[in-house]
Amino acid sequence: MAVLHFSQCIAMPPFFENTGVRVLALCLGPTDTALLENLAPKAYDLKVGQFMMAFVESQNVVYQKPESAVKVLVDMYKTGPPASFWLSLDNKPGQNITPTIDRAFKDFENLLMPSKLKLETSEGDCTYFLKMAKWEVQGKTFLITGGASGLGALYAETFLKNGAKSVALLDIAVETGKATTERLNNTFGNKVIFLKCDVSKEEDIVSAWDAVLAQFKQIDVIINNAGIMVDTPNMWRTASDVNWQGLVSFSLKGISHMRKDEGGAGGTIINISSTAALGKPGALPVYSGSKMAVLHFGQCLTMEPFYDLTGIRILTKCLGATDTPLLHNLDARAYDPKAGKALVETVKTDGVIFQKPESAAAASLYMFQNGAPGSVWLVNNNNPAKDITPVIDSAYAAFEKVMME
Ligand SMILES: NC(=O)C1=CN([C@@H]2O[C@H](COP(=O)(O)OP(=O)(O)OC[C@H]3O[C@@H](n4cnc5c(N)ncnc54)[C@H](O)[C@@H]3O)[C@@H](O)[C@H]2O)C=CC1
Ligand SMILES: CCCCCC(=O)/C=C/C=C\C=C\C=C\[C@@H](O)[C@@H](O)CCCC(=O)O
């Protein structure tokens with residue numbers, strides 16, 4: 001999904017008109033190559049791998065011939081319009097699936113329109129405020145990446161105010177992290193620890209994870225919040241490691257630790273995605289692709305019987321533009337200077353609202369207290385959190401339908 005969304009974003013008009021470069025993406029179905037040999041041990045977990053294999057066998061999935069996939073690639077090259085997306089499945093001729101993908105993203109973009117949102121979550125919607133919380137913050141231990149400042153620090157404060165037992169803040173910024181920890185400990189009574197951890201480095205993750213467990217013994221909630229937005233030539237790889245690989249690493253460690261079927265206590269993993277996964281910001285294809293990867297990772301992980309088996313709730317938050325340093329110097333964050341200039345212009349002309357961090361944190365608390373396992377939430381424009389799982393599910397149902405045709 002990161003590949004598809006990267007391609008969609010970078011190819012946004014007037015990309016082809018300006019550059020003469022045609023971006024095409026191929027969604028390849030199961031194809032008879034070494035990639036599909038001995039599948040079960042390739043899953044993130046053997047039990048899940050065996051479940052997947054049983055499914056593949058029960059469905060008589062066809063592994064198409066590699067020659068058929070290559071033919072589709074060649075046809076796509078010969079006939080594909082700029083920014084088109086193709087399917088190669090079951091040895092059939094290539095199918096241009098751009099209309100289906102576009103329709104799904106139109107539905108996502110509609111979620112971002114303030115007028116449409118108001119229809120569904122008005123300020124007077126009492127049920128939003130009065131609904132009983134289903135998931136307790138009280139007594140829970142939190143691990144928050146990127147917790148030294150910005151939204152991460154605010155999540156810590158919000159959950160502490162609502163009864164969290166302990167919080168581990170992990171961040172690359174040591175001085176800021178220590179200062180935030182001291183401030184929170186002065187207010188909430190020594191419940192917070194700080195650990196230096198660069199989430200783009202596996203060795204940092206391993207040692208911080210071990211240190212948090214040595215201190216707290218149990219982690220109930222992980223907020224994978226650390227993220228940077230820099231698509232520039234010298235930083236896009238680091239940004240991908242921070243936004244995506246770090247999140248995967250903490251999620252997998254969290255699953256091993258929390259899973260009830262292997263002696264854990266269950267728990268919640270909150271992954272911070274963005275409205276950049278729902279819209280197509282042409283200047284930020286790497287950032288947007290990484291946030292789409294975060295969204296799709298959560299959806300795949302949480303497929304049945306994940307929650308029943310493990311007792312782990314995966315929540316994904318699509319956060320809209322929020323007034324933190326992440327949005328400073330926007331022009332220098334795009335993949336190239338021309339795109340950066342265009343981004344700054346669009347933010348002005350579209351009147352993009354930079355919502356208050358406090359609003360985003362309050363909405364996140366609501367999402368924690370009420371989010372069903374596997375749900376996806378929109379937190380945008382200072383509005384209450386909105387459960388957008390049905391819209392995401394219906395887009396994926398449309399993708400699946402195309403594969404059945
Ligand atoms: N501010 C916004 O408009 C939006 C933010 N988000 C996401 O929310 C999350 C938090 O963003 P903000 O608080 O706005 O950003 P921020 O820039 O204010 O704070 C980010 C925090 O992450 C830390 N960090 C940076 N690199 C790190 C690394 N390699 N390892 C560990 N920590 C690291 C920073 O030191 C800082 O404390 C990010 O994942 C971001 O993508 C999503 C949508 C909109
Ligand atoms: C839709 C992007 C907001 C994502 C929030 C985030 O993580 C970082 C935001 C940084 C800049 C936002 C720019 C927004 C520009 C939009 O007005 C538009 O140009 C991009 C979306 C175009 C589309 O939806 O097709």
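The values are calculated or read from the model by the stated rules, or taken from the named source; none is laboratory data. Everything quoted here is computed from the prediction, not taken from an experiment. Don't worry about glycine lacking a Cβ; one is built from the backbone with ideal geometry, like all the others, and counts go over all protein chains shown. Quick note on the areas: whole protein, heavy atoms, side chains included, nothing else; ligands and nucleic acids left out. Shrake-Rupley method; radii C 1.70, N 1.55, O 1.52, S 1.80 Å.
If you go through region 384-400 and pick out every residue that is open to solvent by 30 Å² or more (accessible area, probe 1.4 Å) and in contact (Cβ under 8 Å) with a residue 12 or more places away in the chain, you end up with 6. From the list K217, K260, the lone residue that is more than 10 Å from ligand 1 (Cβ to nearest atom), open to solvent by 50 Å² or more (accessible area, probe 1.4 Å) and under 18 Å from G374 (Cβ atoms) is K260. The condition of being within 19 Å of the chain's Cα centre (by Cα), within 29 Å of D331 (Cβ to Cβ) and of a type in the set (G, A, S) holds for only one of A173, A239, that being A239. In region 162-174, the residue that is least open to solvent (accessible area, probe 1.4 Å) out of those that are touching a Ser or Thr at 6+ places or on another chain (Cβ under 9 Å) and more than 16 Å from D220 (Cβ to Cβ) is D171. Could you say which residue among A179, A239 is modelled with pLDDT of 95 or more and either away from ligand 1 (no atom under 16 Å from the Cβ) or open to solvent by 20 Å² or more (accessible area, probe 1.4 Å) (or both)? The unique qualifying residue is A179.
One line per residue, one yes/no per condition, for (1) under 25 Å from E304 (Cβ atoms); (2) basic (K, R); (3) in contact (Cβ under 8 Å) with a residue 12 or more places away in the chain; (4) in a loop (DSSP other than H, G, I, E, B):
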{"position": "Q50", "(1), (2), (3), (4)": "yes, no, no, no"}
{"position": "A54", "(1), (2), (3), (4)": "yes, no, no, no"}
{"position": "V61", "(1), (2), (3), (4)": "yes, no, yes, yes"}
{"position": "V70", "(1), (2), (3), (4)": "no, no, no, no"}
{"position": "V74", "(1), (2), (3), (4)": "no, no, no, no"}
{"position": "P82", "(1), (2), (3), (4)": "no, no, yes, yes"}
{"position": "P93", "(1), (2), (3), (4)": "no, no, yes, yes"}
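In region 300-307, is there at least one residue being open to solvent by 30 Å² or more (accessible area, probe 1.4 Å), modelled with pLDDT under 95 and in a helix (DSSP H, G or I)? Looking for residues that are open to solvent by 30 Å² or more (accessible area, probe 1.4 Å), modelled with pLDDT under 95 and in a helix (DSSP H, G or I), one finds none in region 300-307, hence no. Checked against the criterion of being more than 16 Å from V199 (Cα to Cα), at pLDDT 95 or above and within 12 Å of ligand 1 (Cβ to nearest atom), the candidates L154, L184, L170 yield just one match: L154.
Filtering N91, N96, N60 for residues that are closer than 22 Å to E400 by Cβ and either at pLDDT below 95 or loosely packed, with under 14 Cβ neighbours inside 10 Å (or both) leaves a single hit, N60. Counted as qualifying within region 167-261 are the helices (runs of 4 or more DSSP H) with 3 or more residues that are away from ligand 2 (no atom under 16 Å from the Cβ), namely 174-188, 202-216, 246-258.
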